[in-house]
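Each value in this text was obtained by applying a stated rule to the coordinates, not by laboratory testing. Given the structure is predicted, the values throughout are model-derived calculations rather than measurements. Cβ atoms come from the backbone with ideal geometry, glycine included; neighbour counts cover every protein chain shown.
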Amino acid sequence: MKPEDLIAQINKKDSFLCIGLDTDMNKIPKFLLSEDDPIFSFNKSIIDSTNKYCIAYKINTAFYESLGAKGWTSMQKTVDYINKNFPQIFTIADAKRGDIGNTSKMYAKSFFGEMNFDSITVNPYMGSDSVKPFLEFENKFTIILGLTSNIGADDIQLKTTNNDFVFMEMIKSCSLWGNQNNMMFVVGATKSEYIEKIRNLIPNHFLLIPGVGAQGGDLKEVCKFALNDNIGIIVNSSRSIIYASVDENFAIEAAKQAMILQNEMKAILSERKQNS
Ligand code: OMP
């Protein structure tokens, strides 16, 4: 997907919501377990009921890989379903890959070439040769882990070098390998106190911001400094939306939660317009 198409979709829907399909066999409604492919059936219902409120779906590959070959099939069916029925919606393979160059090239080929995701999350720890193969694909985004939402971010990312935080050094280096049209950065919603600093460093890149909902991140706090002239953010919530209910009406309840977040986003955007 081209960046301008993503931006157009955000403006059209007054939404920068990404719904995380962290689909877990142990958490989906029990009545779906008799279906041929319960994971895909669940995803399809969630996508059908929520697509008008969101601009992206993030498939966390761990949930699918943990089921072996069957899980890979459910993942492919899910991304195919989105691409075919909602081609304007941005797809994210949350795979957190990255390896020596020739191996990263294979990861890029599988997620961009074979599976046809619009983007993939990449762990940049191994440096430029591990990231560049992903950047070679046209109209695809490489989403670099910048500052993550988890407690373990303290262990390395929030340590300081002589110059700055490790995560700032990481973002600064990575931003030179690509550009705002092929690279985004993950910044956890639970780390909103660092967003202003990150925005000063990379004012134009899209930020993927997970951690609103189950992890307690605050949408308003995040938006204070993260929004840019193109809106420039994608905010993900997974469990708080997709597991809103485990009854027959699970898809309707998920849509209600998605709508609540989308309404909050719309209000933030309209307040911003009025103040500008
Ligand atoms: P919920 O906490 O259920 O909304 O899910 C958050 C999703 O975002 C999960 O798929 C996580 O793997 C992912 N995530 C984080 O929670 N924190 C991060 O720093 C980065 C990610 C990610 O890369 O998406």
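Cβ under 11 Å from residue 95's Cβ, residue 95 left aside: what net charge do those residues give with Lys, Arg +1 and Asp, Glu -1?
Values: positive: 58, 96, 97; negative: 65, 94.
Around residue 95, the charge tally is +1.
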message: Taking R0 as 25 Å, what FRET efficiency do you get between residue 136 and residue 35 from their Cβ-Cβ distance, rounded to the nearest 0.05?
response: 0.05
FRET efficiency, residue 25 to residue 4 (Cβ-Cβ, R0 25 Å, nearest 0.05): 0.05
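Only four residue types carry charge here, +1 at the Cβ of Lys and Arg and -1 at the Cβ of Asp and Glu. Report the dipole size of the range 79-186 about the Cα centre in Debye, rounded to the nearest 20. Could the numbers behind the result be given before it?
Working: 9 positive and 12 negative charges, 27 e Å.
Its charge dipole is roughly 140 debye.
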query: Using a Gaussian network for the chain with springs between C-alpha atoms less than 10 Å apart, which of these wobbles most: 17, 176, 158?
result: 176
- prompt: residue 215 versus residue 247, label points 7 Å from Cα toward the beta carbon: distance in nm?
  reply: 3.1 nm
- request: Taking the Cβ of residue 251 as the centre, find all other residues whose Cβ is under 11 Å away and add up their charges (Lys, Arg: +1; Asp, Glu: -1).
  value: -2
field: Distance from the range 99-127 to the range 184-205 (C-alpha centre basis), Å
entry: 23 Å
- prompt: For residue 109, which aspartates and glutamates qualify as cross-link partners when the Cα separation must be under 20 Å and same-chain residues fewer than eight apart are set aside?
  reply: 65, 80, 94, 99, 118, 129, 136, 138
query: Hey, can you rank 81-91, 189-199 by average C-beta count inside 10 Å, highest first?
result: 189-199, 81-91
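Within the set 58/220; 12/266; 44/140, which residue pairs have Cα atoms separated by over 19 Å? Let's see the in-between values first.
Details: 58/220 21 Å; 12/266 11 Å; 44/140 24 Å.
Over 19 Å apart, Cα to Cα: 58/220; 44/140.
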- prompt: Any idea how far apart residue 102 and residue 114 come out in nm if each label point goes 7 Å out from Cα toward Cβ?
  reply: 1.8 nm
message: Net charge around residue 143, counting only other residues with Cβ within less than 14 Å of its Cβ (Lys, Arg = +1; Asp, Glu = -1)?
response: +2
field: Value of [θ]222 nm, deg cm²/dmol, for the chain, DSSP H segments ≥ 4, -39500 (n - 2.57) each, nearest 500
entry: -13000 deg cm²/dmol
